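See below for the structure under consideration.
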Amino acid sequence: MIAPSEKHLEDWIAGNLEELSPYFRLLDRQLRLPSGTLDLLMVTDTQNRLEVIELKQGSIDTKTVIQVLRYMNDLQGIYQNITCELLKSQTIEWEEFDWLFNLEKIHIQGMVIGHSIQSDHILYACEAANITVMTYEFDGSGYEFSAIASPSVKLLDEAHKSFHNPQLELAVKDIMFHELTRAREAGQL
């Protein structure tokens, strides 16, 4: 079942982070950035990754992916200032977040969460841009999340489970690149 609203989905995730990932800590919600308003900004418990999360009540489409890419770009350039504002607005010990000021250690990644995904081409684009795609199901009281991966990524995951082979990994990435190029040339992306 689809979420009652995007806000309902956001509120539920903010109150149940462990259901999405046991490693996330919420930094901010509805964060205003130069290119728009980011739904959720998370940090991992390992404190080396910021996760930009865009939520959709319905289907994940091209606009959703572009939003996440813009937010990731915004944060890449200005996250130190944003972090200072977050620290001023909350009762957080500076020492707890001093790692945020070390530019070499921060990785900014994206995640889109929606009820469905519009096409496999969007999935391929997300994978190429290091954006995690998740879908949800709402049961009337809570949500269940599933990570979505393309057949190429599933093949790569299976290869990693059986053995780590860098040549195979490069071959699968090459296939993904060619598939994305073909889809762009065909006007499908």
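The values are calculated or read from the model by the stated rules, or taken from the named source; none is laboratory data. The shown structure was predicted, so the numbers you read here are calculated from the model rather than taken from an experiment. Methodologically, a virtual Cβ is constructed for each residue, glycine included, from the backbone with ideal geometry; neighbour enumeration extends over all protein chains shown.
Scan segment 120-142 residue by residue and report those that are among the hydroxyl-bearing types (Ser, Thr, Tyr) and touching a helix residue (DSSP H, G or I) at 6+ places or on another chain (Cβ under 6 Å).
Matches in segment 120-142: 124 only.
It is to be established whether one or more residues within segment 40-56 are in contact with a His (Cβ under 9 Å, 6 or more places away or on another chain) and either under 23 Å from residue 116 (Cα atoms) or surrounded by 21 or more Cβ atoms within 10 Å (Cβ to Cβ) (or both).
Yes - at least one qualifying residue is present in segment 40-56.
If residue 31 satisfies every condition in (1) surrounded by fewer than 15 Cβ atoms within 10 Å (Cβ to Cβ); (2) in a strand (DSSP E or B); (3) among the aliphatic types (A, V, I, L, M) but one, which is the exception?
(1)
Would you please name the residue that is nearest to residue 8 (Cα to Cα), looking only at residues in segment 39-71 that are assigned to a helix (DSSP H, G or I) and in contact (Cβ under 8 Å) with a residue 40 or more places away in the chain?
64
So, in segment 102-118, of the ones that are modelled with pLDDT of 85 or more and not hydrophobic (A, V, I, L, M, F, W, C), which residue ends up surrounded by the fewest Cβ atoms within 10 Å (Cβ to Cβ)?
So the residue we want is 116.
Please tell me if residue 37 is surrounded by fewer than 16 Cβ atoms within 10 Å (Cβ to Cβ), at pLDDT 95 or above and not hydrophobic (A, V, I, L, M, F, W, C).
Yes.
Do any residues in segment 23-36 that are among the basic types (Lys, Arg) have Cβ atoms under 6 Å from those of residues that are modelled with pLDDT under 90 and in a strand (DSSP E or B), where the two are at least six apart or on different chains, and which pairs are they?
Once the first residue is among the basic types (Lys, Arg) and sits in segment 23-36, its partners that are modelled with pLDDT under 90 and in a strand (DSSP E or B) give 25/43.
Please specify each residue of segment 126-162 satisfying the condition of being at pLDDT 85 or above and either aromatic (Phe, Trp, Tyr) or in a helix (DSSP H, G or I) (or both).
126, 136, 138, 143, 145
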